[in-house]
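Participant: Let me begin by handing over the structure; questions about it come next.
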Amino acid sequence: MGGEVPDLEAGRWTIDPVHSEITFSVRHLMTTVRGSFPDFEGEVVIGADPFDSTARAEIRMGSIDTRSAERDEHVRSADFLDVRRHPVMSFAATGVERAKIGRRARTPRYHLHGDLTIKNVTRPVRLLTEFHGVGPDPWGGVRAGFTATASISRRDFGIEFNIPLQGDRVMLGDEIAIALEIQTVFAADAPRPDADAPLDRCPPA
């Protein structure tokens, strides 16, 4: 990774939520329903050896948006996310490795391994991550861009609500597809915050 991303300087890169997205999709009957979590924050800490890099993020589950207020309220309830008791979903990276797939891709690909915690249940996940480069922004900063995808089982996190249909069919699928579009800003002089401290937010543009 080090030779492939020479411009990705070691240090802390904070996620800019205004220019980033966390989206998901799940099968509903015969089609797919998509949604997003617009309220989140996080950081990527690039090590001197980039394969020693870390990342963490916190997502406010109450911010879920599926373009239906009634459906969002149901998903926030104890049937699904139980936001009142578990307001935050978190991710902490545990390792990075070069992906063996997509060798001919125009951008480098990596597997980012980490622990995802939902409703106090922690499970390992693997994000297929693409690095899109580094460059200056109009506000005097330096930014890096990433795309990442993963799939999880909602049952693994105790989210089992469903409605049976005719035969052995059910209304909702178990697999949740996750897609991330992440833009980070290099925090040149900023120390890494304590684990319990609020993460920096970037000004909107």
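The values are calculated or read from the model by the stated rules, or taken from the named source; none is laboratory data. None of the values given here were measured: they were computed from a predicted structure. Don't worry about glycine lacking a Cβ; one is built from the backbone with ideal geometry, like all the others, and counts go over all protein chains shown. SASA here: full protein model, heavy atoms, side chains in, ligands and nucleic acids out. Shrake-Rupley method; radii C 1.70, N 1.55, O 1.52, S 1.80 Å.
Participant: Rounded, prolate or oblate: pick one for the chain, where a ≥ b ≥ c are the square roots of the eigenvalues of its C-alpha gyration tensor, a/c under 1.5 means rounded, and failing that, prolate if a/b is larger than b/c, else oblate.
Facilitator: In terms of gyration-tensor shape, prolate.
Participant: Shifting gears a bit: Between Gly42, Gly141, Gly62, where does the largest GNM mean-square fluctuation fall for the chain, given springs only between Cα atoms within less than 10 Å?
Facilitator: Sorting by GNM fluctuation, first place goes to Gly141.
Participant: Please build a GNM for the chain, connecting alpha carbons under 10 Å apart, and tell me which residue among Pro136, Pro17, Pro87 fluctuates the most.
Facilitator: Pro136
Participant: Let me ask something else. Could you do me a favour and compute the accessible area per residue for the chain, 1.4 Å probe, result in Å²?
Facilitator: 56
Participant: Within the chain, what whole-number % of the accessible surface is contributed by carbon and sulfur, with the 1.4 Å probe and all protein chains included in the calculation?
Facilitator: It is 52 percent, rounded to a whole number.
Participant: On to the next question. Size of the dipole of region 30-174 about the Cα centre, Lys and Arg at +1 and Asp and Glu at -1 on the beta carbon, nothing else charged, in debye to 20?
Facilitator: With Lys and Arg at +1 and Asp and Glu at -1, about 520 debye.
Participant: I would also like to ask the following. Sum up the charges of everything whose Cβ sits under 13 Å from the Cβ of Phe146, counting Lys and Arg as +1 and Asp and Glu as -1, but leave Phe146 out.
Facilitator: With Lys, Arg at +1 and Asp, Glu at -1, the neighbours total -3.
Participant: Another one. Accessible surface of Leu165 in the full protein assembly, 1.4 angstrom probe, to the nearest 10 Å²?
Facilitator: Only protein atoms counted, so the area is about 50 Å².
Participant: Want the number for Glu160 to Arg84: 0.36 nm per residue separation, take away the alpha-carbon distance, what's left? Before the final figure, lay out each step's value.
Facilitator: Values: separation 76, 0.36 × 76 = 27.36 nm, distance 1.77 nm.
Full extension of this stretch gives 25.6 nm more.
Participant: Provide the solvent-accessible area of Glu73, counting protein heavy atoms only and rolling a 1.4 Å probe, rounded to the nearest 10 Å².
Facilitator: Here the residue's solvent-accessible area equals roughly 110 Å².
Participant: Next question. In percent, how large is the relative contact order of the chain, given Cα pairs closer than 8 Å and 6 or more residues apart?
Facilitator: Worked out over the chain, it gives 26 percent.
Participant: How high is the relative contact order of region 1-98? Use alpha-carbon pairs under 8 Å, at least six apart in sequence, and give a whole percent.
Facilitator: Result for region 1-98 is 25 percent.
Participant: Only Lys, Arg, Asp and Glu count, each charged at its Cβ (+1, +1, -1, -1), so figure out the dipole size of region 29-107 about its Cα centre, rounded to 20 debye.
Facilitator: The dipole of region 29-107 has a size of about 500 debye.
Participant: Multiply the residue separation of Ser151 and Lys100 by 0.36 nm, subtract the distance between their alpha-carbon atoms, and state the gained length in nm to one decimal.
Facilitator: 16.6 nm
Participant: Here is a further query. Treat each spin label as a single point 7 Å out from the Cα along the C-beta direction, and report the Glu73 to Ser36 distance in nm.
Facilitator: 2.3
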